[in-house]
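The values are calculated or read from the model by the stated rules, or taken from the named source; none is laboratory data. What you are looking at is a predicted structure, and each value in this text was computed from that prediction instead of being measured. Cβ atoms come from the backbone with ideal geometry, glycine included; neighbour counts cover every protein chain shown.
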Amino acid sequence: MKRAFLAPAFALLLMLAGPAAAQRSGLYDVTGTNPDGTAYIGTLELEQIGLLSFRLRWNIGPDVIEGVGMVSGLSLASAFSLGGGSSPSMGIYELRPDGQLVGQWTTIGAFAAGQETATPR
């Protein structure tokens with residue numbers, strides 16, 4: 001009986017681990033547009049810190065932005081702070097088969113969203 005229970009549990013674990021395994025830790029080149037329409041470029045470092053969780057660190061010009069993310073299905077959700085007393089921010093990215101992240105982000109209370117693409121090096 002134990003064997004019958006363990007097989008479905010193991011299959012579920014593999015399904016949950018699949019998206020995180022598809023997303024890899026490493027350095028990404030970032031291009032994006034802020035909610036006000038201005039463009040930016042930089043890098044994003046992803047570090048897997050759990051089965052589905054990641055530490056994120058953007059370097060955009062002189063700014064360093066740190067946050068956390070969670071993979072669910074083919075999406076990566078992120079939460080971060082832009083610093084300087086700004087409201088918390090969040091983003092949602094589609095995980096592409098080639099490892100690219102494509103999505104949008106916003107600051108809580110804003111009436112516009114930024115766009116961002118992160119391409120693995």
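Observations on the model:
- Looking across the stretch 38-72, the residues that are of a type outside the set (D, E, K, R), closer than 15 Å to Thr117 by Cα and assigned to a strand (DSSP E or B) come down to Ala39, Tyr40, Ile41, Gly42, Thr43, Leu44, Leu46, Leu56, Trp58, Asn59, Ile60.
- Just so you know, in the stretch 68-121 the residues that are within 13 Å of the chain's Cα centre (by Cα) and of a type in the set (D, E, K, R) include one that is surrounded by the most Cβ atoms within 10 Å (Cβ to Cβ), and it is Glu116.
- Scanning the stretch 80-121 for residues that are among the acidic types (Asp, Glu) and either part of a strand (DSSP E or B) or in contact with a helix residue (DSSP H, G or I) (Cβ under 9 Å, 6 or more places away or on another chain) (or both) returns Glu94, Glu116.
- Considering residues of the stretch 1-40 that are at pLDDT 95 or above and under 14 Å from Arg121 (Cα atoms) only, the residue surrounded by the most Cβ atoms within 10 Å (Cβ to Cβ): Tyr28
- Taken residue by residue, the stretch 97-108 has at least one member that is at pLDDT 95 or above and in contact with a Gly (Cβ under 6 Å, 6 or more places away or on another chain).
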